[in-house]
């Protein structure tokens, strides 16, 4: 928890403006294309911060979760979801991550659904290389607007 607090102080501004949005996220579950011994109960928490000074669809993200290798991962990065249809947003994200065997960065396609003060994030991490991560992953988060 101390790691998350440290990340928050580094990534998010101390005085958020009224036009800014802060979402709390709950990491829940993932599905791996290769049915192996991966951990798919990826419980964790995080925050998303958007500002009126950012380009439309841009958010800073940070948090932690239990990763596919049963290790705690702390992440921080940026999501960009400029494509919008009603309450759906599509784009991607890039995050720095801890406790993965062969990488310290992950990229994913992102699909977000937001309605009033509740939302869902669905991420898809494609299989890039068997040397990096030998499975594609789909991950699920719930989120709540402060």
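The values are calculated or read from the model by the stated rules, or taken from the named source; none is laboratory data. Quick caveat, the model's predicted, so the values are computed rather than measured. No Cβ is skipped: glycine too gets one built from the backbone with ideal geometry, and neighbour counts run over all protein chains shown.
Data for the structure
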| quantity | calculated |
| --- | --- |
| Options 85, 64: the member that is touching a helix residue (DSSP H, G or I) at 6+ places or on another chain (Cβ under 8 Å) and modelled with pLDDT of 95 or more | 64 |
| Selection from the range 6-32 of residues that are at pLDDT 90 or above and not in a strand (DSSP E or B) | 20 |
| Single match in 70, 42 (criterion: in contact (Cβ under 8 Å) with a residue 12 or more places away in the chain, within 15 Å of the chain's Cα centre (by Cα) and part of a loop (DSSP other than H, G, I, E, B)) | 42 |
| Boolean, residue 83 is loosely packed, with under 14 Cβ neighbours inside 10 Å, touching a strand residue (DSSP E or B) at 6+ places or on another chain (Cβ under 6 Å), free of Cβ contacts under 8 Å to residues at least 60 places away in the same chain and assigned to a strand (DSSP E or B) | yes |
| Given (1) under 20 Å from residue 22 (Cβ atoms); (2) in a strand (DSSP E or B), number of the condition residue 56 does not satisfy | (2) |
